[in-house]
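For reference, the structure discussed in these notes is given below.
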Amino acid sequence: MKVVKDIVQMQRLSQQLRLRRKKIIFVPTMGALHQGHLALIKHGHQLCSGTPHALIVSIFVNPTQFNSPKDFKFYPRTLPKDLSLLRHCKVDYVFTPSAAMMYPEGAETCVEPGALAQYLCGATRPGHFRGVITIVAKLFHIVQPDFAIFGEKDFQQLAIIRQMAKDLNFPVQIIGHPTVRESDGLAMSSRNARLSPEGRRRALAVVQGLREAKRLTSSGVRNVTRLKKAVRHILQEKGKIDYLELVDVQTLRPVKTIKQKTLLAIAIFIDEVRLIDNCLLP
Ligand code: PAF
């Protein structure tokens, strides 16, 4: 496994891989790696088993996607541990550029998302998805992947990246991977490490809320007000709800009744840590 810090060097390595007809599988991350990230890597290898391929992971805590300086400052950074985890996952290259290299003095161009960014995290974190898709577009130009893999916990991020790749004609296939959960159901997230033991217990309300909504919809409930009320009842007093929405899976627009596949999406602050999760209903 080779650690690459330089953009031009990474670009050249990717060009060589392409010349050698190797498929490039890319897993972009912000580090603080956990089993969820490792599942994305494993999925990447499975995707191209039997075909010559190279797996590239990037680790870059992207400053432009944080809308709170405090959140950026306290985002967990565990590079030595991350690298030792990746050494066991048959990763070929780890790209770890500096912020000064990714955003040199005078950089001013960004990629602006469309309507999909109006809702959910896009509404409560202005500018967040601009930061996400700008860095993802830059990483795609550098790594030149055939496949890029993202977790479905960040459902809206995945939808916006798919749209961006399509709209800007990136020759990359965007792959979604189901959310990986702890044994008690909590969605794996780098942010979980910042929860106190008591906050960790309260965080379970999120998955309990999702389960309750699933239970209600499978018993025939379609009314969104009723579903939201039931989930809010479980979440209240566990943290500060940022949003609790039921949205159309294609457009991410809020719906009033469940007529077709609907996404229940939750964002909540627990111990000042912002957690998100979602599930499809019914
Ligand atoms: O999901 C993440 O970890 C980040 O948003 C991403 C896609 C690596 C961009 O910084």
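So here's what we get for this one:
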| quantity | calculated |
| --- | --- |
| Selection count, the stretch 149-190, where residues are within 18 Å of Arg211 (Cα to Cα), more than 13 Å from the ligand (Cβ to nearest atom) and not in a strand (DSSP E or B) | 7 |
| Residue identified as exposed (fewer than 15 other Cβ atoms within 10 Å of the Cβ) and out of contact with any helix residue (DSSP H, G or I) (no Cβ under 7 Å at 6 or more places or on another chain) among Pro171, Pro178 | Pro171 |
| Candidates Ala203, Ala193, Ala187 - the one that is closer than 19 Å to Gly36 by Cβ, out of contact with any helix residue (DSSP H, G or I) (no Cβ under 9 Å at 6 or more places or on another chain) and in contact (Cβ under 8 Å) with a residue 60 or more places away in the chain | Ala193 |
| Residues satisfying the stated conditions in the stretch 129-148, i.e. assigned to a strand (DSSP E or B) and near the ligand (Cβ under 10 Å from one of its atoms) | Ala148 |
| Residue match in the stretch 74-94 (condition: modelled with pLDDT of 95 or more, in contact with an Asp or Glu (Cβ under 9 Å, 6 or more places away or on another chain) and not aromatic (Phe, Trp, Tyr)) | yes |
| Any chance Thr51 is modelled with pLDDT of 95 or more, among the β-branched types (Val, Ile, Thr) and loosely packed, with under 15 Cβ neighbours inside 10 Å | yes |
| Those residues of the stretch 232-256 which are of a type in the set (S, T, N, Q) and under 22 Å from Gln157 (Cβ atoms), in sequence order | Gln250, Thr251 |
| Qualifying positions in the stretch 55-96 - touching a Phe, Trp or Tyr at 6+ places or on another chain (Cβ under 7 Å) and closer than 16 Å to Pro145 by Cβ | Ile56, Ser58 |
| Unmet criterion (only one of (1) in contact with a His (Cβ under 8 Å, 6 or more places away or on another chain); (2) over 27 Å from Glu272 (Cα atoms)) for Gln15 | (1) |
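The values are calculated or read from the model by the stated rules, or taken from the named source; none is laboratory data. Everything numeric in this text was worked out from a predicted model, so none of it was measured. Counting neighbours? That spans all protein chains shown, and the Cβs are built from the backbone with ideal geometry, glycine included.
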